[in-house]
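Heads up: the structure comes next, in structure tokens.
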Amino acid sequence: MGLQMGNDDKIAAHAVGIAVILLVGTLVYSNTFNVPFVYDDQYFIARNKLIKNFDYFMLPSTVENTFFGVHFKNRIAAYFTLALNYKLGGLHVRGYHVFNLIVHLSNALLLYWFVLLSFKTDFAKTGFVKNISEKTDFEKLDPSNPDFVMKPGGTVSPEVFKIPRTMALFAALLFVSHPLMTEAVTYVIQRFSSLAAFFCLLSLCAYCRWRISVNPAAKWLFYILSVASSACAMKTKESAFTLPLIITVFEFMFFGGKADGKGRGVNSVNRILYLIPILMTTLIIPVGNFSVRSVSDVAGVYRETGMSGSGLVSRKQYLMTEFSVILTYLKLLVVPEGQNFDYDFPIYDKFLNPNVYLPLLVLLSIMFAGAYLFYRSAKNGSYFYRMVAFGIVQFFLALAVESGIVPLSDVICEYRVYWASFGFFLCLATGMEALRQKMKTRKTRKTLNMRQNNETVFIEKSAIIVLILLVVYYSLGTYSRNILWQNKILLFEDTIKKSPNKARPHLSLGAAYAEYGRYDEAGAQYKKALSLKPAYVSPETFLNMGGLYAIKGQFANALSMYKILLLLYPKYSDGYNDMGVVYYKQGQPDVALKYFNTAVMLQPENIVYYINIGKVYVAKGTLDKASATYGRILQIEPGLKKMGGNADDYKSLFR
């Protein structure tokens, strides 16, 4: 009788593997639960009213003209999770980090599942066992059974059943422990990337499960799940745009076009028809939202808030630069040393620059290697060659949106490689397992002498040792990297060491110093940011400098900073608000009211501005206007009623 692994043994083996993945992932991120909000977290979470009221999710069209309207509509699935976090825990950071970690761990488990599923595809089952075990009577293999059960009389080595688990386990462990993933996990707002990857992987796994399922009822549930997950991915982040193409590539690389007579297969015409609903999910991202207009809208938010790195570059410059950026991602995936929260990456615009054509040649070589492995797998049926080829395709397609021809405000961000990294870890785990199996095959040859046999055994065991050491190395790197995230000063001091000539890190470090009361050091960082060239300087530089002068009581200097700010950024509402605060402290409430009202005109939903207006009215004794202002605040933030019972109960807010 053929060998079949018992269900209890399989369940126990998978349970151990899953437990190890969850344990490693939890340990390396165990020091992130109190990491404060940084950078975009302040704008997209702390100061974003859209996540504080579920009514906006019922009628998203009502927010089109608000500050984050375009961004909110395009990524409403991710914003919904932020709203859930806010509903459950307000702005306490722990809940946000717990959610991000759950998403990351889920992605690792989905990667584990995907590798296991890939061994049950048509291609794997017509080539894998045959290429792995010389003991297999391949003609007696029953391809209709997803668990590689042999027909009576067949034999298969027990090692065959361990290969999928080993590959899946190491692929997931390498991913969950890798330091390059920290920005998409520890940086709260970048759950956009990790959550989009979750839906992408879930869609891919569900599609694969649909294709191998023999149960008609479960089969179509998985198909619906695949389409629905693809749709959710499109409404989480635009980088998911190429997911349907990745699924299509997987279909044609790993599945055949003929039915097997038992309802599992899909004929050549139907397999294309079944792909159409998944391909159509790309239409969820409207054509206008994938255009320069959409990118400009989002970039406008970045420019207004000071989050942009250096402004948008041209399409040509962006594309030329991205060749070097992608190569940087690959180097960091192999050896994650020199990670940087805010890169000062050079912009290239000439193809003959060695920093352009040399990285391009390397990337083309990798693509050619993938094509060659695919060709070889078609000749010899090697599952390992085919999986590496797919991993290469997935990596480049996943990066195509953010590292293509659509220019974004920052040319490089580590969180952008999160979804693409699945292809890299597939290649790494598959390559190591292929090496092990090659050594096992070589060991069975009778022509080997004792020395050659010992060398073979050493290489075979070394592959596993190398993978274990990589997991340990990556885990230590991730834990260490997360230590920096625990303290804004440490994080931005590290960033400045690596990007000393970029204004934004100096501005961020100055704000961190000011938050801890280190005002002299904060002032030095703001001045450094102002002095740097090129001349792009965030409006927050002037805003924070003005705030620093105001804290010290140097009101004239503060007003000078605000005037410069409003001259350069006449629609920057916080500038008018902070200028009004200075005038109010100088005993000029009427002038202050003028600036507060201007701030409200620019951002009519910001309750901070209304609170300042209310304080002026109370100071002037116009309590009817103060009461009306409080009523307006309650319309924006109904939750503030807890501070009082009605519009007359405003003193606690305006004191």
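Condition first: under 20 Å from Y43 (Cα atoms) and either out of contact with any helix residue (DSSP H, G or I) (no Cβ under 9 Å at 6 or more places or on another chain) or open to solvent by less than 30 Å² (accessible area, probe 1.4 Å) (or both). Now tell me which residues in the stretch 531-548 satisfy that. Result: V537, S538, P539, T541, F542, L543, M545, G546, G547.
A Cβ distance below 7 Å, combined with a sequence gap of six or more or placement on separate chains, defines the contacts here; from the stretch 466-484, residues that are without any contact (Cβ under 8 Å) to a residue 24 or more places away in the chain reach no residue that is of a type in the set (G, A, S). The one condition from (1) open to solvent by 20 Å² or more (accessible area, probe 1.4 Å); (2) among the aromatic types (F, W, Y); (3) under 28 Å from R436 (Cα atoms); (4) at pLDDT 95 or above that Y329 does not meet is (1). Sort out which residues of the stretch 564-594 are within 17 Å of Q554 (Cβ to Cβ) and open to solvent by 20 Å² or more (accessible area, probe 1.4 Å), and write them in order of number. Passing the criteria: I564, D578, V581, Y583, Y584, K585, Q586, G587, Q588. K528 passes every criterion in (1) crowded, with 22+ Cβ neighbours inside 10 Å; (2) modelled with pLDDT of 85 or more apart from (1).
Restricting the stretch 549-563 to residues that are open to solvent by less than 60 Å² (accessible area, probe 1.4 Å) and in contact with a Phe, Trp or Tyr (Cβ under 6 Å, 6 or more places away or on another chain) leaves a set whose member that is farthest from Y519 (Cα to Cα) is M561. Within the stretch 283-299, if we keep just the residues that are touching a helix residue (DSSP H, G or I) at 6+ places or on another chain (Cβ under 6 Å) and at pLDDT 80 or above, the residue that is farthest from A206 (Cα to Cα) turns out to be I285.
Looking across the stretch 604-636, the residues that are among the hydrophobic types (A, V, I, L, M, F, W, C) and touching a Pro at 6+ places or on another chain (Cβ under 8 Å) come down to V616, A619. Q394 meets all of the listed conditions (1) in a helix (DSSP H, G or I); (2) open to solvent by 10 Å² or more (accessible area, probe 1.4 Å); (3) closer than 27 Å to V176 by Cα but one, namely (2). Count of the stretch 367-383 residues, restricted to those that are open to solvent by 10 Å² or more (accessible area, probe 1.4 Å) and in contact (Cβ under 8 Å) with a residue 60 or more places away in the chain, is 4.
Among residues of the stretch 100-122 that are touching a residue at least 24 places away in the same chain (Cβ under 8 Å), those with a beta-carbon under 7 Å from a residue that is among the hydroxyl-bearing types (S, T, Y) at least six positions away or on a different chain give the pairs N100/S194; L101/Y29; V103/S194; H104/S194; N107/S194. How many residues are free of Cβ contacts under 8 Å to residues at least 40 places away in the same chain and either touching a Cys at 6+ places or on another chain (Cβ under 7 Å) or in a loop (DSSP other than H, G, I, E, B) (or both) if we restrict to the stretch 171-228? Selection size over the stretch 171-228: 1.
If you go through the stretch 221-245 and keep only what is within 16 Å of E402 (Cα to Cα) and open to solvent by less than 10 Å² (accessible area, probe 1.4 Å), you end up with A233, M234, T236, K237, A240, L243. Looking across the stretch 585-620, just one residue is among the acidic types (D, E) and part of a helix (DSSP H, G or I), and that is D590. The sole residue among L363, L448, L358, L469 that is over 21 Å from L117 (Cα atoms), exposed (fewer than 15 other Cβ atoms within 10 Å of the Cβ) and either touching a Ser or Thr at 6+ places or on another chain (Cβ under 6 Å) or at pLDDT 95 or above (or both) is L358. Among the residues of the stretch 210-222, those that are of a type outside the set (S, T, Y) and over 25 Å from the mean Cα position of the chain (by Cα) comprise W210, R211, I212, V214, N215, P216, A217, A218, K219, W220, L221.
As a summary of the residue check, V618 satisfies the conditions (1) in contact (Cβ under 8 Å) with a residue 24 or more places away in the chain; (2) out of contact with any Leu (no Cβ under 6 Å at 6 or more places or on another chain); (3) open to solvent by less than 30 Å² (accessible area, probe 1.4 Å); (4) among the β-branched types (V, I, T) except for the one numbered (3). Candidates in the stretch 17-42 are the residues that are modelled with pLDDT under 90 and open to solvent by 20 Å² or more (accessible area, probe 1.4 Å); of these, the one that is nearest to Y473 (Cα to Cα) is Y39.
Looking only at residues of the stretch 86-102 that are among the β-branched types (V, I, T) and farther than 24 Å from D55 by Cα, we find that the one that is surrounded by the fewest Cβ atoms within 10 Å (Cβ to Cβ) is I102.
The values are calculated or read from the model by the stated rules, or taken from the named source; none is laboratory data. Since this is a predicted model, take the numbers as computed values, not measurements. Reconstructed Cβ throughout: ideal geometry from the backbone, glycine too, with neighbour counts over all protein chains shown. Each accessible area value is taken on the protein alone, full model and side chains, heavy atoms only, with ligands, DNA and RNA left out. Shrake-Rupley method; radii C 1.70, N 1.55, O 1.52, S 1.80 Å.
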